[in-house]
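Comments concern the structure below.
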């Protein structure tokens, strides 16, 4: 009976780790993109039909953009989040199938433990522990895969933001665009400097087919 309790304890520990893994993966969707966009330092001062933010510091015009809002509220941002979410759900489904198989093995071992010979019971327990180790390795591998996918998706989205911000900044005659977000260097800014709405409009207008700026 003590061996069966140990097997059940191991299973509970691994399923607990899987639950924490799922929580971490879900939390990734709320990650703020690490952006500090310094756009068009030497860009031509082209005038836009829409009035530009007039604030100047040290002779240069400054704008502010909220990358989290661009991720949450634009069509390209929605597609990026859906891509990552679909990838995560696929990996989670694989983990859940593996967990069901482990649960079946555990139940069979407990039910048949009293009628199995000592050698047969030991063999079953060793097979269960091997499968448990494989399960742990699979979770570790998938955690790494999700992190790599997150980097790929968010870096691609960041590139789109930078291209659109560069375009909007040139149109508005801005020389520097800073990131707005918690933990960043920007503590305060006048709302007149915020170009997020203009960047959102442009991103939604052209979708994901953002052409690289001409050099």
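None of the figures in this text is laboratory data; all of them are computed from the coordinates on show. All values derive from a computational prediction rather than experimental measurement.
Normalising the Debye intensity of region 65-215 to I(0), with uniform scatterers on Cα atoms only, and taking log10 at q = 0.21 Å⁻¹ returns -1.24.
Taking 0.36 nm per residue of sequence separation and removing the Cα-Cα distance, the residue 187/residue 201 pair yields an extension gain of 2.5 nm.
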